[in-house]
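Scroll down for the structure; my scribbles are underneath it.
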Amino acid sequence: MKKAKTAITVRKLTKNFDSFTAVDAVNFDVHHGEIFGFLGPNGSGKTTSIRMMLGLLEPSAGTVDVLGIRVNQGVREMRPRVGYMSQRFSLYNDLSVLQNLQFYGKAYGLSNEAMQQRIPEALEMSGLVGREHTQTKALSGGWRQRLALSAAILHRPEVVFLDEPTAGVDPVSRRAFWDLLYQFVAEGITVFVTTHYMDEAEHCHRLAFIQRGKIIAYGSPEQIKQEKMRGQVLEIAPSDTVKAIKILREAQSTGEIPLEEVELYGSLVHVIAPDMEEHKAKIAEQLKRSDIKIDQMTIIEPSLEDVFIACMRE
């Protein structure tokens with residue numbers, strides 16, 4: 001079968017719940033063999049969008065094509081070709097690792113012969129060899145996550161939808177999970193993933209930011225940084241981070257220093273303003289006047305988190 005030019009095409013997709021619009025006429029395309037990130041705060045419309053794209057929820061308006069199939073017209077044709085991993089992993093805790101994979105293999109319509117080949121491959125890929133008979137409820141969050149992903153791609157889908165798959169999982173497990181996603185892309189699988197982790201978003205090929213049901217940024221991470229960043233980023237390492245933020249926000253609110261954003265960034269402070277070179281000396285003076293020592297103060301390239309916060313505030 002000839003592949004569609006894009007794996008997913010979304011046009012004016014809308015979902016209304018009574019008087020509330022959860023998704024508001026969104027448009028985007030997902031290319032074959034890419035990781036496409038869908039970012040937004042809780043309640044922004046991410047999960048509602050993904051459920052409409054899977055045919056689990058009827059849109060109020062608009063269309064979704066997945067692998068060249070109009071979802072609301074050919075969902076039965078589409079579903080064997082896609083995989084889905086929900087926020088709660090959708091695993092049966094009282095079953096073993098092997099039993100969960102066998103259950104999902106049968107649910108996807110795999111023959112016994114196909115399962116004999118693919119289950120060992122899934123166990124190997126996810127690092128679960130030797131844990132086949134472990135009850136799922138005994139697994140840590142990271143291992144349960146790997147098992148859920150293995151179940152979602154057991155039937156070798158062309159597109160896999162992942163809804164906040166790393167929420168609540170430790171950083172080491174999150175990194176291992178993303179290594180698996182890159183392995184999928186190398187094999188030609190298209191990955192659509194919702195997340196609110198900015199470090200993960202940096203590793204997506206392309207992104208869409210959604211806020212209050214509307215797409216507010218769209219493109220590669222570099223494109224979004226270039227198009228949406230209004231100013232330069234000054235990174236400050238102060239002796240008292242909390243106090244520094246308070247002082248700089250006061251200067252911002254009074255107009256004493258024309259700053260766009262003042263945000264906590266780990267143990268650092270990120271300050272955003274146009275023509276930051278003009279404001280560096282005044283910022284340093286303001287902090288020193290309040291007995292705050294500055295270990296470092298440098299204009300840096302904006303991170304995706306800087307851009308995301310700026311977009312959300314807009």
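The values are calculated or read from the model by the stated rules, or taken from the named source; none is laboratory data. Small disclaimer: the values here were computed from a predicted structure and weren't measured. Neighbour counts run over all protein chains shown; Cβ positions are idealised from the backbone, glycine included.
Can you name every residue in region 220-232 that is touching a helix residue (DSSP H, G or I) at 6+ places or on another chain (Cβ under 7 Å) and not in a loop (DSSP other than H, G, I, E, B)?
Correct list: P221, I224, K225, K228, Q232.
So, in region 13-33, exactly how many residues are within 16 Å of R70 (Cβ to Cβ) and out of contact with any Ser or Thr (no Cβ under 7 Å at 6 or more places or on another chain)?
Residues in region 13-33 being within 16 Å of R70 (Cβ to Cβ) and out of contact with any Ser or Thr (no Cβ under 7 Å at 6 or more places or on another chain): 1 in total.
Residues that are over 20 Å from the mean Cα position of the chain (by Cα) and charged (D, E, K, R): which strands (runs of 3 or more DSSP E) entirely in region 1-110 hold 2 or more of them?
8-17
Can you go through G62, G43, G37 and tell me which one is on the phi > 0 side of the Ramachandran plot, of a type in the set (G, A, S) and in contact (Cβ under 8 Å) with a residue 24 or more places away in the chain?
That would be G62, the only listed residue that is on the phi > 0 side of the Ramachandran plot, of a type in the set (G, A, S) and in contact (Cβ under 8 Å) with a residue 24 or more places away in the chain.
Within the group E158, E187, E164, which residue is of a type in the set (D, E, K, R) and loosely packed, with under 14 Cβ neighbours inside 10 Å?
Answer to the check: E187.
If you take the residues of region 73-100 that are polar (S, T, N, Q) and farther than 9 Å from T136 by Cα, which of them is modelled with the highest pLDDT?
Once the filter is applied, the top-ranked residue is Q99.
In region 137-145, is there at least one residue being crowded, with 19+ Cβ neighbours inside 10 Å, under 18 Å from T194 (Cα atoms) and touching a Pro at 6+ places or on another chain (Cβ under 9 Å)?
Yes, region 137-145 contains a residue that is crowded, with 19+ Cβ neighbours inside 10 Å, under 18 Å from T194 (Cα atoms) and touching a Pro at 6+ places or on another chain (Cβ under 9 Å).
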